[in-house]
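Since every read-out is calculated from the coordinates, none of them should be taken as a lab result. Given the structure is predicted, the values throughout are model-derived calculations rather than measurements. We place every Cβ from the backbone using ideal geometry, glycine too, and count neighbours over all the protein chains shown.
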Amino acid sequence: MAKRVVIAGILGGVVIFLWGYLAHTVLGLGEVGIKELSNEQAVVGALRASTSEPGLYFFPGVGMTTGASPEQMRAAMQKAAGGPYGIVIWHPSGAEYITPRRLGVQFGLNVVQALFAAILLSCATSLSSYVSRVGFVFLAGVLAALSTNVEYWNWYSFPSNYTLGYMATQIIGFLLAGFVVAGFVKRSSSGMPA
């Protein structure tokens, strides 16, 4: 059984990875809702002049790094309500977008995701039909897509179309992986996972 779960995880990860490639490069789902700055040079110049360390920056600052008092938090919330707020991921020395290392990490993540789905499916011994097993993996994908994406939409105002596009990429990836995983992880005639 363990061998079939591992094979299912690897093949399911390949499917998720390939779907992610198609979703991003052919369908453009990974870029939905992303906009470019109209005056990028001025913004980058201001960031270079004021921020030399790479990191995740939230503005207006609310004292997250210094432990803001309740009064400071209220003042920051009023400032955010009355003016611009946002998040900047800043790499002042630059970074390549697509590298073999990043692709390798993504592939490894997809295999781990599919492997977890296969392990969970192997524990769900009451799911005897192929459709119910595919549905199980699909629901795992829905859970994965909801976990972070809706939180970022809610708390950081990620664009709705970006959130939905990224969630669709993840959910469809798990559905496609489910077709493969469910074919390998199934019950035997004795009722035990095969």
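Worth a mention:
- Cα gyration tensor category, rounded, prolate or oblate, for the stretch 1-120 with a/c compared to 1.5: prolate
- Tensor-based shape of the stretch 79-157 (alpha-carbon gyration tensor, a/c under 1.5 rounded, otherwise prolate or oblate): oblate
- Charged-residue dipole, Cβ positions (Lys, Arg, Asp, Glu), the chain about Cα centre, Debye nearest 20: 700
- Placing unit charges on the Cβ atoms of the charged side chains and taking the dipole of the chain about its Cα centre, the candidate lying farthest along the positive direction among Val111, Val44, Gln72 is Val111.
- Ellipsoid equivalent to the stretch 37-194 - semi-axes via the Cα gyration tensor, in Å: 43, 20, 14
- Helices assigned as whole DSSP H runs in the chain whose Cα atoms extend at least 30 Å along their own long axis and whose mean Kyte-Doolittle hydropathy is 0.0 or higher are found at 2-25, 100-123, 130-156, 160-184.
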